[in-house]
Amino acid sequence: MRQGQIIALGVAAVFGVGAAIGLYSNMAAKPKVVVEEKQVNTTKVLVAKNEVGLGQIVNRENFRWQEWPAGAVSGGYIQDRGGKDPVQALIGSVARAPLLKDEPITTNKLVKPGDGGVLAAILPAGMRAISTRIKEETAVGKLILPNDHVDVILIQRRRAARGGGEEFVSDTLFRNVRVLAIGQLIEAKEGKKGADGSTATLELTPRQTELLALANSMGEISLALRSVADMSAANTPSAGNGLNAQRGNSIRILRYGVKSRAYGVN
């Protein structure tokens, strides 16, 4: 081999080794991470330190301060302004709605004992709470829980128009009524499938409470549990074909020995 060829091969080998070393160095080098710090204005808001159940009496151990973006603070949040301790005023209050862990506290979620009972605190404006007697066979085996929705049915025993015997008549008084409490239970407990109690407290309008009070003296009240799928905004509580319905154009249906009436049938 000529001397010139040997020199050329040597130069090529040197460049090849240099290129390989450079490529390996580029592959092994760690990418440079650029950290950009952005200052966010924050403030301290009061949040729930743990879960708080409906009707639970709260104390200082139920709250803590949490850094919160200043731009995301709602007007109802309780903030640490460095002055008088706002937590002191909340001690002994009753939760009028369930609170989740780390949920911001607002004054309308808590009520002081002197401001009314727990039931009065959770009752919407313009509505009334009224109780009716229930038994296992008239309340879905007592599987109805607070915040379920039901239809209210009145069953009456009457003297038959013919023959002098007796007949049973059923009327649906109200539909899609919210259950506020079963006995003294106003919140469904986790894992609890039913509630014990001899009364069901319902959320009704003032006129409906009058009708239910009258119905309690006329016969037996049964509650029919509604599906969760029916609890939409469109399904607001309404009157059924009960005491305040027109009695014209009625029909009677004999089913399982119980007569049921439907009104407004043309």
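The values are calculated or read from the model by the stated rules, or taken from the named source; none is laboratory data. Model, not experiment: these values are computed from the prediction. Neighbour counts are summed over all protein chains in view; Cβ atoms, including those assigned to glycine, are modelled from backbone coordinates with ideal geometry.
Selection of first residues in the range 62-88 that are in a strand (DSSP E or B) and of second residues that are surrounded by fewer than 11 Cβ atoms within 10 Å (Cβ to Cβ), restricted to Cβ pairs under 7 Å at least 6 apart or on distinct chains, gives the following pairs, ordered by first then second residue: P69/V40. On the given criteria, is V169 hydrophobic (A, V, I, L, M, F, W, C), assigned to a strand (DSSP E or B) and at pLDDT below 90? It is true that V169 is hydrophobic (A, V, I, L, M, F, W, C), assigned to a strand (DSSP E or B) and at pLDDT below 90.
Among the residues making up the range 52-69, a single one is surrounded by 14 or more Cβ atoms within 10 Å (Cβ to Cβ) and among the charged types (D, E, K, R): R64.
Quick check: anything in the range 203-217 in contact with a Phe, Trp or Tyr (Cβ under 8 Å, 6 or more places away or on another chain), modelled with pLDDT of 90 or more, buried (at least 17 other Cβ atoms within 10 Å of the Cβ) and in a strand (DSSP E or B)? Checking the range 203-217: at least one residue is in contact with a Phe, Trp or Tyr (Cβ under 8 Å, 6 or more places away or on another chain), modelled with pLDDT of 90 or more, buried (at least 17 other Cβ atoms within 10 Å of the Cβ) and in a strand (DSSP E or B).
For the range 73-88, a tally of residues being surrounded by fewer than 15 Cβ atoms within 10 Å (Cβ to Cβ), among the polar types (S, T, N, Q) and within 21 Å of N41 (Cβ to Cβ) returns 1. Applying the criterion of being in contact with a strand residue (DSSP E or B) (Cβ under 8 Å, 6 or more places away or on another chain) and at pLDDT 90 or above to the residues of the range 52-64, the residue that is farthest from L110 (Cα to Cα) is R64.
Listed by first and then second residue, the pairs linking a residue in the range 122-148 that is on the phi < 0 side of the Ramachandran plot to a residue that is assigned to a helix (DSSP H, G or I) and among the polar types (S, T, N, Q), with Cβ atoms under 8 Å apart and 6 or more places separating them unless they lie on different chains, are R128/Q208; R128/T209; I130/T209; T132/N216; R133/N216. Taken together, V94, V47, V118 contain a single residue that is free of Cβ contacts under 8 Å to residues at least 40 places away in the same chain, in contact with a Lys or Arg (Cβ under 8 Å, 6 or more places away or on another chain) and surrounded by 18 or more Cβ atoms within 10 Å (Cβ to Cβ), which is V94.
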